[in-house]
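The block underneath contains the structure these notes are about, expressed in structure tokens.
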Amino acid sequence: MPTEVTILGISGAVWLLLLLAICSAVFAWRMLALLRVLAMGRRENRLDHLVLRAWTFIKEVIFQSRMLTGESIINWAHPAIFWGFCFFVIASALMFVGGIAAPWLWIPQVEEIPVLGTLVDLFAVIVLVGLIASSIRRYILTPPGLQRTMDATIVVLLIAALMVTFLLAEAGGRAEEQIAAAAGHVEEGWGTQTFLPAGTATANIMLAAGVSPEGVVQTGIAAWWIHVAILLTFLVYLPFSKHMHLIWAPFAVFFAELPTKGTLPAADDSGKEPSTQLELFTWRMLLSGYACAECGRCERVCPAVESGSKLSPREILHDLKGLVLKDGIAALKGRKPADEEQEFIGGTVPAEAVWACTSCYACVDICPVRNEHVPIIVQMRRKLVDEGKVDNKLQETLVSLQRYGNSQGKSARKRFDWAKDLPGGLKDATKEPVDMLWFLGDYAAYHPSSARVSRMVAVVFNAAGIDFGVLTKGERSAGNDVRRIGEEGLFEMLAEQNMKALGKADFQRIVTTDPHTYHTLKHEYGRFGLEVPIVHYSEVLDECLRTGRLSPNRSLAGRAVYHDPCYLGRYNGIYDPPRRVIDATGLELVEMPRNRENSFCCGAGGGKIWMEEEEGISERPAVSRIREALQIDGVTHFVVACPKDLGMFEDAVKTVGAEDRLRIIDLGEIVYEALQIQ
């Protein structure tokens, strides 16, 4: 071992032990400080579902499943570098233990262990290839939002240097074997039985270049010490650098939002005034700042970014990391930040950026380390709402919701005006038991186009012989968008009013045509006592068509695309039922370029449909989506399964002047037309 030499009269093993102890102490000191900063955030339980968390960790961290299905180049380069890193952790552990114990105890090194030594040897080359490929992507074929920082360059160079010095150290070992063989004896160690193709090739190249065997050996010894120095430098550097995500990302995955998506943490109702801005966020939100790799994937799928908004989900986490390190470290030192007057929410992060989010969840879904941008943004909105910093249109909507229970400013008595003279009528679930309660939501009840579709859906339900009813009195907005605006108190008020109305009804399950309502009833009303199955009408229509309860009387003509609503697809994984319904009507279904979990938001979610349009917008998301559909040859129908989508896309198709080319049509409407109900 190279540590068996004496340096300045002190054993190399002692030097190695001393360096390791100092660097480990610095690393531990910094990590402890960062953990103490996380503890300044509000409590949030992320120790539930431990088996699922462990499996998610194995799948997404160890097996890199989220990276393997990601963007080209990095989808193989990153896993290759990561797996190489895992093998080198073992190699490094053996190196330090063996180096420290060398004068007294022989510890086998990785190159002396068959199979493992070969794998590490090969991964040294694989990692170098991965670094070259990822560097080409970062510095030449740079995707939007991917940062070319000095930190990134330093990390790439350090990892590359680790691989090169490892191969040179292996080459020195191979050269030492040759010297020993020439002297007529076999030198123990250095893996004479281990196949080391890369290390052997490196030695042969050096020898062919005229370096003597002794020179290769000396180079290998120097490379070993340089390798150790780089490892220790890495250990100290990472927790201080922007690339601290290499340490924190696995923890972010383990403590991810599981098992469902989009279940926001409750607002702080302690009444205690936060002593630092960090206390506005939960510890898991703060962890997102640590774990962010600033890869820009969130930006590349964000509808707000594409439309030219001031919002950047990547910048949100970058700024949050800055807040954590500035305020947190200052608090640990017993002092306030130098710029303590700078407000984080509405200052460092502009209010316009906070309000631009549509809560579509694309940023969270695409993040390779499961950072949670949307809950962080909602938390910032809560503060802005508490301070009354909302635009006039949104304020009017909130007043309407509080006064009338709906976002349209309409009387509750008009909620079922669309059902006047409806054949078969509507049952009142508070007066007679029904199998299925239809919870409409605001847009399905009041928006002209959506109300027209609601009437058609009711006719279809009757044709299928479904025993369904409604809450003729007492139904309010379910509050999904209210909660994502940040008005937690109003959401709870609406939920309690709805639960009171539901308590008067007799039903077995709830159906809704609104994905926003579907999500909040299914995932956020449990804490209010709602414990019945929640289904989307696409699931009901699909079931009826597959079982023969509904049988189309004609086959619709045309070529259709289907828009996956964010709260139906990405949030809740319902993709196939709407597609089967479209197929059953005879329309030819063609997939949009961005479909299923990669679907592009219409721009209505998160309360955006109630807000004034941000200045400087280049093109609304719904318009971009319509242009995308029009690029498909022969498309005649744009099918939606959400009342908000219907209104958004009807406006968008008029904006692009394509209302004569592309028909915006609801899923229930195509079933109604295929049944030829008079």
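Just one of (1) touching a Lys or Arg at 6+ places or on another chain (Cβ under 7 Å); (2) modelled with pLDDT under 95; (3) not acidic (Asp, Glu) fails for residue 473. It is (1). In segment 277-298, what count of residues is obtained for those that are among the polar types (S, T, N, Q) and over 14 Å from the mean Cα position of the chain (by Cα)? Total satisfying the criteria: 2. For first residues located in segment 157-172 and touching a residue at least 40 places away in the same chain (Cβ under 8 Å), partners that are open to solvent by less than 10 Å² (accessible area, probe 1.4 Å) and not in a helix (DSSP H, G or I) and lie 6+ apart or on another chain with Cβ distances below 9 Å form the pairs 170/191; 170/196. Within segment 177-220, the only residue that satisfies the criterion of being among the acidic types (Asp, Glu) and modelled with pLDDT of 90 or more is 214. For segment 30-42, check the following and say yes or no: at least one residue is touching a strand residue (DSSP E or B) at 6+ places or on another chain (Cβ under 9 Å) and more than 15 Å from residue 247 (Cα to Cα). Checked segment 30-42: at least one residue is touching a strand residue (DSSP E or B) at 6+ places or on another chain (Cβ under 9 Å) and more than 15 Å from residue 247 (Cα to Cα). Taking the criterion of being touching a residue at least 24 places away in the same chain (Cβ under 8 Å) and among the polar types (S, T, N, Q), the residues of segment 1-25 that qualify are 3, 11, 24.
Quick one: would you say residue 540 is within 23 Å of residue 643 (Cβ to Cβ), part of a helix (DSSP H, G or I), of a type in the set (A, V, I, L, M) and in contact with a strand residue (DSSP E or B) (Cβ under 8 Å, 6 or more places away or on another chain)? Judged against the criteria, residue 540 is a match.
The residues of segment 361-392 include none that are over 23 Å from residue 61 (Cα atoms) and within 11 Å of the chain's Cα centre (by Cα). Number of residues in segment 26-52 that are over 20 Å from residue 254 (Cβ atoms) and either touching a residue at least 12 places away in the same chain (Cβ under 8 Å) or open to solvent by 60 Å² or more (accessible area, probe 1.4 Å) (or both) equals 6.
Anything in segment 394-403 that is surrounded by fewer than 17 Cβ atoms within 10 Å (Cβ to Cβ) and free of Cβ contacts under 8 Å to residues at least 24 places away in the same chain? List them, or say none.
First, the residues of segment 394-403 that are surrounded by fewer than 17 Cβ atoms within 10 Å (Cβ to Cβ): 395-396, 399, 402-403.
Hits for segment 394-403 are 395, 396, 399, 403.
Scanning segment 68-95 for residues that are among the hydroxyl-bearing types (Ser, Thr, Tyr) and under 28 Å from residue 301 (Cβ atoms) yields 69, 72.
Of all residue pairs spaced 6 or more apart or on separate chains, those with beta-carbon atoms under 8 Å, a first member in segment 523-551 that is farther than 15 Å from residue 509 by Cα and in contact (Cβ under 8 Å) with a residue 60 or more places away in the chain and a second member that is part of a helix (DSSP H, G or I) and open to solvent by 40 Å² or more (accessible area, probe 1.4 Å) are 545/580; 545/584; 549/543; 550/463.
Going by the structure shown, is residue 348 in contact (Cβ under 8 Å) with a residue 60 or more places away in the chain and of a type in the set (Val, Ile, Thr)?
Details: in contact (Cβ under 8 Å) with a residue 60 or more places away in the chain: no; of a type in the set (Val, Ile, Thr): yes.
Criteria not met by residue 348.
Yes/no matrix, rows are residues, columns are (1) basic (Lys, Arg); (2) in contact with a strand residue (DSSP E or B) (Cβ under 7 Å, 6 or more places away or on another chain); (3) over 18 Å from residue 292 (Cα atoms):
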| position | (1), (2), (3) |
| --- | --- |
| 349 | no, no, no |
| 357 | no, no, yes |
| 362 | no, no, no |
| 385 | no, no, yes |
| 393 | yes, no, yes |
| 399 | no, no, yes |
| 413 | yes, no, yes |
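When segment 614-663 is filtered for residues that are open to solvent by 10 Å² or more (accessible area, probe 1.4 Å), among the β-branched types (Val, Ile, Thr) and in contact (Cβ under 8 Å) with a residue 60 or more places away in the chain, the ones remaining, listed by number, are 617, 632, 635, 636.
Consider residue 117 against the criteria (1) over 32 Å from the mean Cα position of the chain (by Cα); (2) modelled with pLDDT of 85 or more; (3) over 27 Å from residue 202 (Cα atoms): it satisfies all of them except one. Which criterion is unmet? The one condition residue 117 does not meet is (3). Across segment 464-489, the number of residues qualifying as under 34 Å from the mean Cα position of the chain (by Cα) and under 20 Å from residue 522 (Cβ atoms) comes to 12.
Within segment 578-609, restricting attention to residues that are buried (at least 22 other Cβ atoms within 10 Å of the Cβ) and among the hydrophobic types (A, V, I, L, M, F, W, C), the residue that is farthest from the chain's Cα centre (by Cα) is 587. The residue pairs whose first member lies in segment 404-417 and is farther than 13 Å from residue 441 by Cβ, whose second member is open to solvent by less than 50 Å² (accessible area, probe 1.4 Å) and of a type in the set (Val, Ile, Thr), and whose beta carbons are closer than 9 Å, counting only pairs six or more residues apart or on different chains, are 409/397.
Could you tell me which residue of segment 136-154 is nearest to residue 74 (Cα to Cα), considering only residues that are in a helix (DSSP H, G or I) and under 24 Å from the mean Cα position of the chain (by Cα)? Step through it out loud before you land on a result.
Let us first name the residues in segment 136-154 that are in a helix (DSSP H, G or I), namely 136-139, 150-154.
With the extra rule that they be under 24 Å from the mean Cα position of the chain (by Cα), the set shrinks to 137-138, 151-152.
Values: 137: 8, 138: 10, 151: 18, 152: 15 Å.
Here the residue is 137.
Which one is nearest to residue 489 (Cα to Cα), of the residues in segment 364-388 that are β-branched (Val, Ile, Thr) and open to solvent by 10 Å² or more (accessible area, probe 1.4 Å)?
So the first thing to find is which residues in segment 364-388 are β-branched (Val, Ile, Thr), and the list is 364, 366, 369, 374, 376-378, 385.
Add one more test, that the residue is open to solvent by 10 Å² or more (accessible area, probe 1.4 Å), and what stays is 364, 366, 369, 385.
Values: 364: 25, 366: 31, 369: 31, 385: 11 Å.
Filtering segment 364-388 for residues that are β-branched (Val, Ile, Thr) and open to solvent by 10 Å² or more (accessible area, probe 1.4 Å), the one nearest to residue 489 (Cα to Cα) comes out as 385.
Within segment 574-633, the residues that satisfy the criterion of being of a type in the set (Val, Ile, Thr) and out of contact with any His (no Cβ under 7 Å at 6 or more places or on another chain) are 581, 582, 585, 590, 609, 617, 623, 626, 632. Within segment 11-34, if we keep just the residues that are under 14 Å from residue 99 (Cβ atoms) and aliphatic (A, V, I, L, M), the residue that is modelled with the lowest pLDDT turns out to be 13. Among the residues of segment 523-548, the ones that are basic (Lys, Arg) and in contact with a helix residue (DSSP H, G or I) (Cβ under 8 Å, 6 or more places away or on another chain) come to 1 in all. Checking each residue in segment 261-311 for being open to solvent by 50 Å² or more (accessible area, probe 1.4 Å), among the basic types (Lys, Arg) and in a helix (DSSP H, G or I) picks out only 300.
The values are calculated or read from the model by the stated rules, or taken from the named source; none is laboratory data. Please read all numbers here as calculations on a predicted model, not as lab measurements. Because the Cβ atoms are built from the backbone with ideal geometry, glycine has one as well, and the counts that use them run over all protein chains shown. Accessible surface is based on the protein model in full, side chains and every heavy atom, while ligands, DNA and RNA are left aside. Shrake-Rupley method; radii C 1.70, N 1.55, O 1.52, S 1.80 Å.
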